[in-house]
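Accompanying notes for the structure given below.
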Amino acid sequence: VPSRPHSTSLPVPPHSSSMPSSTTTSTVHINPAGERVVIQGSHVPTPATTAAPPLSESDDATSRPGAYAVTRSAKGPAQVFRVTVPPGVRPGSEFSVHAGSRRVRVRCPPSSHPGQSLQITLPPEPTVHTQLLKTAPITAAEGPGGGGSVTMSQEVANVNRAAVTSGGTAQTFLVKIPNDIYPGMQFTATVEGQRFMVTCPPNAGPNMKVRIVPPTKREEPEAAARTQVFEVAVPAGVRPNQPFTLMANGQRVLVTCPPNVVPGQKIRFELPVQQVVGNIQLSYEGDSSGWCRTIRVTDLKFQWVRLNKKDPAPVEDSTFDFDHGAWVRKLTMMEGNDARMRCGVLELVPASEAVVDSKLVVNNVTLLSYADIATVQGKTLEEKTTWFQRICTQLTGAWEDGHVQISVRRPHLLQDSVDAVMSLSREDMRKRWRFHFLNEPGVEAGGLTREWFQLVSEQIFDPDSGLWLSSNQNQMCMTINQASGISCPDDHLIYFRFLGRIMGRALFDRQLINGHMVRHMYKHLLGWPITFEDLELDDEDYYQSLKKLTKMDDVSNMCLDFTATEEHLGVRHEVDLVENGAMKEVTNDNVSEYLEANLKYRMLDRTKPQMTELLLGFYDVVPEPALTVFDFQELELLLCGLPEIDMQDWEDNTVYSGLFESKGKREQVVTWFWEVVRDDFDQEMKARLLQFVTGTSGVPSRGFSVLQGNDGNVKKFSIHGVQESSFPYPRAHTCFNRIDLPNYTSKKQLREKLKAAVTLSAVGFGIE
C-alpha cells in the first residue's frame with residue numbers, strides 16, 4: 001500500500017497464561033528507491049501482562065471482580081422471518097413485532113393490509129464478547145523500580161532513547177493480528193488515524209496482540225486557519241529581538257521585536273481567529289504584575305512570562321527573585337514496558353521555560369485550537385465546563401466500538417478497583433464504563449458510577465491508608481505522605497497512578513472526588529507556576545526561616561549546608577538537596593541556589609515518584625491543552641464540586657479585628673460585605689472567596705465553628721479592617737483564615753474591589 005509508514009512490531013503474549021512470555025522485534029524500512037527491506041530482530045523476553053484467559057460459556061462478567069472489555073459483533077447469515085400485519089395498520093405506517101429475541105419496527109408496504117403475511121430480513125443478531133483483562137505493570141523511567149514499578153527493559157529503553165535523539169516523543173501501540181496472518185506475513189494497522197504496514201513476528205499469530213513502534217511522533221500538519229492581521233507600535237524600552245506582551249483579541253500574546261525596529265515604530269503580525277472581528281483594540285495590561293500565560297506568535301504555544309507594572313517586556317529570569325520567582329513542573333512522557341502504561345520523568349523548570357500545546361489533534365482531526373481556547377478562557381466556569389465536556393464527548397469512544405464493565409466486591413472495593421482500572425489501556429480509559437457491584441441487584445443508571453467515585457476516592461484519601469496525610473496548615477486539605485513507600489512498600493506508586501486515572505476520569509464523566517488537596521497539587525496538575533508563596537501555605541515557619549536568609553549580611557554564619565532533615569518513624573536522616581549537598585556550604589554567593597533547592601524539594605522532589613505517577617494517570621485520560629482554559633481554583637471546584645455553604649453559620653462564626661473590632665457586624669463596611677457575598681455572589685464566587693481566604697473551597701463537616709488554621713487549632717473566619725489608603729484591594733492571609741478589608745466608602749466600590757481580588761488571586765498577580 002503506497003505512502004503507508006512502517007513500524008517496528010513487538011508481540012504481546014496471547015490471551016492465555018500458558019503461552020510463552022516472549023517478544024520479537026521486526027522492522028520494515030523504506031529505502032530511497034521505494035523497495036521494502038525487512039530486517040528480523042532478536043528475541044527479547046518480557047512479562048506476559050496483556051489479558052487474562054477469556055471466560056468460558058458458562059461464565060459471565062458478574063462472576064469475578066475485574067475490568068472486562070465488552071464488544072459486540074454481528075457475523076453470520078441474515079435472518080428471515082414471517083410476520084403478520086396487525087389489525088388497524090394502514091399501508092405506509094409502522095408497527096412493532098417480535099422477531100426471534102429482538103423487537104423490531106416494520107413499515108407496512110403500500111400493497112399490504114391487516115392480516116396479510118410479510119417476509120422481513122434482519123441482519124445477524126449481535127453477539128456479545130466479554131474479555132477479562134489482566135493488570136498492567138507500571139515502569140520506572142529511571143533506576144531499578146520499586147513501590148510497584150518494574151525496571152525498564154532494554155528494548156523499551158532503546159525506543160525512548162531513539163525518540164529523544166530524533167527530537168520527538170516515543171509512542172507504541174497495541175494492535176491485533178488479523179485471522180489470516182501468520183509469522184512473516186504483513187498486514188495493515190490503523191492507529192490514531194494513521195495506517196502502518198506491520199510484519200507479523202515469528203512467535204505471533206492470528207488474534208494475538210503485537211506492540212508496534214511507529215516512526216517518532218512529530219507535529220501533525222493542521223489545516224490553515226483563518227487569520228487576522230494586527231498592527232501595533234513597539235512600546236518604549238523594548239530592544240530589537242526582545243519579546244514583549246500585549247493584548248490581542250482578548251488574549252495576551254508574546255511578540256518578538258524585529259531587528260532594526262525601534263520603539264514607536266509599527267509592526268504587524270497574524271493570529272488565527274475563529275471569526276474576524278472588526279476594530280479590535282490592542283491594550284497593554286499595565287495595572288498588574290505577576291506571572292501570566294501568553295501565546296507565542298512564532299508557534300502558537302502557551303508560555304509563562306512575568307511582567308512588571310506598566311512594562312510590556314517580560315522580566316528576564318537571569319537574577320533570583322524570592323518574591324516573584326516561579327517554577328513549573330515539566331513531565332517528559334516515555335513508553336513503558338507495557339504499551340498500556342507510559343512512564344515519565346518529572347522536574348521543576350523555570351516558569352519561562354514551560355510551554356504547552358494550544359491545539360489538540362486526534363486521528364488527524366483538530367478538536368481544539370488556540371482560537372477555541374482564546375474564545376473560551378474568559379467565560380464563566382459553567383460555560384468553560386460545558387465546552388470542556390463537549391471535547392470529552394468527542395474523545396469518548398462510541399458504544400458500538402465496545403465498552404468497559406468494572407465489576408467489584410464491596411468488601412474489597414479499593415483493591416478490586418485498582419486491579420480493574422490498572423488493566424485498562426489509555427484508549428479504554430476513554431471508552432464508556434459500566435459498574436457492577438458483585439452479588440448486588442443494583443442496575444447501572446448513573447447512581448452506581450457516582451457511588452463508586454465517592455467511595456473509592458474516600459478510601460484512598462483516608463490517612464489510615466498511609467498514602468495521604470492531612471496538611472499541617474489546613475486540616476481540610478490532603479497532602480502526599482512522603483513516607484508512603486514505608487506504609488505500602490510493594491505497591492504505593494500503583495495507587496497514585498490509579499488515583500490520577502480516576503481523577504481524570506471524574507472530569508470526563510462529571511463526577512466528584514471525595515478529597516481536597518493542597519493548593520500546589522492542583523497547580524502541578526495544570527502546569528501552573530509554583531512560588532515561595534506556595535511554600536508559605538505549606539509550612540509558614542519554614543518559609544519565614546528561608547526568607548530571613550535573604551536579608552542577612554553573611555549567611556555563612558548560619559553554618560548551613562545543602563541538606564534537609566527528615567524524620568520517619570522517629571528516625572531522623574539528612575537528604576541532599578543537590579549532589580553532595582552535605583559537603584556544600586551555604587554562602588552569600590550561592591544562597592539563591594540554596595533557596596531554590598529548598599523550594600524544589602518541598603514542593604516536588606520529596607514526593608516526586610508519587611507525583612509523577614499521579615500526573616501520568618491524570619493525563620492517561622485528559623489531554624492537557626483542553627485544561628488550559630481553567631485555573632487551579634476552578635480545577636478544585638470541578639473535581640470536588642461547589643460546597644454547600646450555610647451563610648448564617650458563616651456569619652455567626654466570623655470574628656472582627658482592626659478597624660472593625662469595636663462595632664463588628666454593625667460596621668457599615670461589614671454589612672456591605674455580607675450583603676455582597678449573600679446576594680450578589682453566586683455559588684461559584686462564594687466558593688472562590690473561601691479559596692481566597694482559607695486556601696480551599698472545602699467547608700468542615702461541623703461548620704465554620706471548627707475552621708482550622710495552619711497550627712491545627714481553630715481559627716475562625718476573620719475580617720480585619722484596614723485603611724483604604726494602605727491597601728486599595730482586599731488581601732488574604734490563608735495561614736489564619738483572615739481577609740484584610742479596606743474601609744470602602746460605598747457598597748459598589750466594595751463589590752468591584754472584592755470581586756477583582758478574588759478573581760485575580762488565581763492568576764498570581766499582585767494587585768496595586
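The values are calculated or read from the model by the stated rules, or taken from the named source; none is laboratory data. These numbers come from a predicted model, not from an experiment. Neighbour counts are summed over all protein chains in view; Cβ atoms, including those assigned to glycine, are modelled from backbone coordinates with ideal geometry. Quick note on the areas: whole protein, heavy atoms, side chains included, nothing else; ligands and nucleic acids left out. Shrake-Rupley method; radii C 1.70, N 1.55, O 1.52, S 1.80 Å.
So which strands (runs of 3 or more DSSP E) stay within region 173-238 end to end and still have 1 or more residues that are open to solvent by 60 Å² or more (accessible area, probe 1.4 Å) and at pLDDT below 75?
Where strands (runs of 3 or more DSSP E) fall fully within region 173-238 and carry at least 1 residues being open to solvent by 60 Å² or more (accessible area, probe 1.4 Å) and at pLDDT below 75, they are 194-199, 227-233.
Could you check region 640-658 and list, in sequence order, the residues that are in contact with a Leu (Cβ under 8 Å, 6 or more places away or on another chain) and either among the β-branched types (Val, Ile, Thr) or closer than 16 Å to PHE673 by Cα (or both)?
ILE645, ASN653
What number of residues within region 463-478 are modelled with pLDDT of 95 or more and either open to solvent by 30 Å² or more (accessible area, probe 1.4 Å) or closer than 30 Å to LYS716 by Cβ (or both)?
Summing the residues that are modelled with pLDDT of 95 or more and either open to solvent by 30 Å² or more (accessible area, probe 1.4 Å) or closer than 30 Å to LYS716 by Cβ (or both) in region 463-478 gives 1.
Quick check: anything in region 493-508 part of a loop (DSSP other than H, G, I, E, B) and open to solvent by 20 Å² or more (accessible area, probe 1.4 Å)?
no
Look at region 86-101 and say how many of its residues are small (Gly, Ala, Ser) and over 30 Å from THR127 (Cα atoms).
3
With at pLDDT 90 or above, basic (Lys, Arg) and open to solvent by 70 Å² or more (accessible area, probe 1.4 Å) as the only criterion, which of ARG103, ARG107, ARG161 stands out?
ARG107 is the lone residue from the list that is at pLDDT 90 or above, basic (Lys, Arg) and open to solvent by 70 Å² or more (accessible area, probe 1.4 Å).
Give me the pairs: first residue in region 641-666 and free of Cβ contacts under 8 Å to residues at least 40 places away in the same chain and of a type outside the set (S, T, N, Q), second residue open to solvent by 70 Å² or more (accessible area, probe 1.4 Å) and in a helix (DSSP H, G or I), beta-carbon distance under 9 Å, and six or more apart or on different chains, which are they?
MET647/ARG678; GLU651/LYS665; GLU651/ARG678
Against the definition (touching a strand residue (DSSP E or B) at 6+ places or on another chain (Cβ under 9 Å), of a type in the set (A, V, I, L, M) and open to solvent by 60 Å² or more (accessible area, probe 1.4 Å)), how does VAL714 come out, yes or no?
Judged against the criteria, VAL714 is a match.
Does GLN415 qualify as being open to solvent by 60 Å² or more (accessible area, probe 1.4 Å) and under 30 Å from MET603 (Cβ atoms)?
Against the criterion (open to solvent by 60 Å² or more (accessible area, probe 1.4 Å) and under 30 Å from MET603 (Cβ atoms)), GLN415 does not qualify.
Condition test on SER407, is it touching a Lys or Arg at 6+ places or on another chain (Cβ under 8 Å) and either among the small types (Gly, Ala, Ser) or at pLDDT below 95 (or both)?
Against the criterion (touching a Lys or Arg at 6+ places or on another chain (Cβ under 8 Å) and either among the small types (Gly, Ala, Ser) or at pLDDT below 95 (or both)), SER407 qualifies.
Does region 683-739 hold any residues that are of a type in the set (S, T, N, Q), within 30 Å of the chain's Cα centre (by Cα) and at pLDDT below 85, and which are they?
Correct list: THR696, SER697, SER701, GLN708, ASN710, THR734.
Tell me, please, whether a residue that is in contact (Cβ under 8 Å) with a residue 60 or more places away in the chain, over 32 Å from the mean Cα position of the chain (by Cα) and outside any helix (DSSP H, G or I) can be found in region 629-638.
The answer is no; no qualifying residue exists.
Go through region 367-383 and give me each residue that's open to solvent by 30 Å² or more (accessible area, probe 1.4 Å) and either touching a Pro at 6+ places or on another chain (Cβ under 7 Å) or assigned to a helix (DSSP H, G or I) (or both).
Across region 367-383, the qualifying residues are ASP372, THR375, GLU382, GLU383.
State whether the residues of region 334-345 include one that is modelled with pLDDT under 85 and crowded, with 16+ Cβ neighbours inside 10 Å.
no
Scan GLY446, GLY397 and give me the residue that is open to solvent by less than 40 Å² (accessible area, probe 1.4 Å), at pLDDT below 95 and at positive phi.
The match here is GLY446.
Mind listing just one residue for me: the one in region 595-628 that is part of a loop (DSSP other than H, G, I, E, B) and among the aliphatic types (A, V, I, L, M) and, of those, surrounded by the fewest Cβ atoms within 10 Å (Cβ to Cβ)?
Applying the filter and picking the extreme gives LEU604.
Can we say THR135 is open to solvent by 20 Å² or more (accessible area, probe 1.4 Å), at pLDDT 90 or above, among the hydroxyl-bearing types (Ser, Thr, Tyr) and more than 30 Å from PHE173 (Cβ to Cβ)?
No.
For region 639-648, which positions are farther than 17 Å from MET517 by Cβ and part of a loop (DSSP other than H, G, I, E, B)?
GLU644, ILE645, ASP646
Here are ASP321, ASP338: which of them is in a loop (DSSP other than H, G, I, E, B) and without any contact (Cβ under 8 Å) to a residue 12 or more places away in the chain?
When all the criteria are applied, what remains is ASP321.
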